[in-house]
Amino acid sequence: MWYPTTDASSAPAIGKAGPVFGERKAAFLIMGQDRPGARADNLQQLAEHGINITAVDGLTAEKGCCGAILRIKSKDVARAGRVLCASAGDG
């Protein structure tokens with residue numbers, strides 16, 4: 001999966017490849033230790049606050065680490081950020 005950035009150095013390659021992107025959307029990257037049910041705690045927190053997840057991609061990195069990319073509806077992003085104690089990033 002490829003996630004475009006706002007880095008100007010990638011613009012020439014993106015232009016040559018010719019992809020078409022929709023509107024920019026927010027996502028949450030959650031990382032932590034790999035264990036059974038590792039991301040279930042985060043998903044449960046969101047569910048308890050009535051926040052629906054529209055998409056999720058699971059990730060693994062180096063030994064013992066895992067993560068997920070969560071997409072939340074725009075109207076719920078700020079609230080989800082507070083629930084997950086998220087810090088903002090741009091990229």
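Please treat every number below as a calculation from the coordinates, not as lab data. Just so it is clear, the structure is predicted and the values come from calculations on it, not from any experiment. Cβ sites come from the backbone with ideal geometry, for glycine too, and all protein chains shown count toward neighbours.
Quick check on my filter: what residues within region 32-67 are of a type in the set (A, V, I, L, M, F, W, C) and exposed (fewer than 14 other Cβ atoms within 10 Å of the Cβ)?
Correct list: A40, A47, A55, A61, C65.
Going through region 53-71 one residue at a time, which ones are closer than 18 Å to G81 by Cα and not acidic (D, E)?
The answer is I53, T54, A55, V56, G67, A68, I69, L70, R71.
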